[in-house]
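Okay, structure first, notes after.
Just so it is clear, none of the values below were taken in a lab; they were calculated from the coordinates. All of these numbers come straight from a predicted model, not from anything done at the bench. Quick reminder, even Gly has a Cβ in these numbers, built from the backbone with ideal geometry, and neighbours come from all protein chains shown.
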Amino acid sequence: MNAGIAALLGASIAGLLALAGQAVNHKIAFRNNRRGELSARWATYLSSTYTLVLAIGTVARAPLGDKPRLEAELTWPRNDAVNRALSEIELRDDEELVAAAAALDKALRALIKAARVTQYDRQTWVEKRTEILGGSLPAAKAIARAAVRRADGLDH
């Protein structure tokens, strides 16, 4: 084999290896980006639900006459943040994740309604909150965690 053909063959093999390396790097970058976006969406959703639950608790323990004002000041701005995060999940995530987020959202709406009807003491509110939220929060976290692990390639 002459030197020109050997150089051409070597350059062709090097080019193919470079393309394969780029394809692998692109796949890794895509997976990392997907995982990062998924984690960020769910971190935003879950943190906004926590702040909403705290605000709902303030309303729940308030005297009946103060509830409408506190709900407008505390609950609705936080509920808007939850709805923005939920909308992002509904647009971007698969049905299992959307269903988990929707179940938690349904429980949050029931929690808001319960907070309006009576003035709770701290302990009674904790019990009511636990009853209404049930397993919706742990279930949403578990499903999101599993999705992130799948995006990491850790679960198949």
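Structure notes:
- Dipole of region 34-152 computed with +1 at Lys/Arg Cβ and -1 at Asp/Glu Cβ about the Cα centre; of ALA100, LEU54, ALA114, farthest Cα towards the positive end is LEU54.
- Sequence ranges 84-92, 101-109, ranked by mean other-Cβ count within 10 angstrom, highest first: 101-109, 84-92
- Between ARG149 and GLN123, the FRET efficiency estimated from the beta carbon spacing at R0 = 41 angstrom works out to 0.65.
- Spread of Cα-to-Cα distances over 10 Å intervals beginning at zero, given as percent, for region 78-128: 23, 41, 25, 11
- Local charge for LEU91 was computed over the other residues whose Cβ lies under 13 Å away, with Lys and Arg +1 and Asp and Glu -1, and equals -3.
- Packing-based order for 140-150, 116-126, using average beta carbon neighbours within 10 Å, highest first: 140-150, 116-126
- The residues packed around GLU127, meaning those with a beta-carbon under 14 Å from its beta-carbon, carry a net charge of +2 if Lys and Arg are +1 and Asp and Glu are -1.
- Point-to-point label distance, ARG109-ASN2, nm (Cα→Cβ direction, 7 Å offset): 7.9 nm
- Cα gyration tensor shape of region 34-152, rounded if a/c is under 1.5, else prolate or oblate by comparing a/b with b/c: prolate
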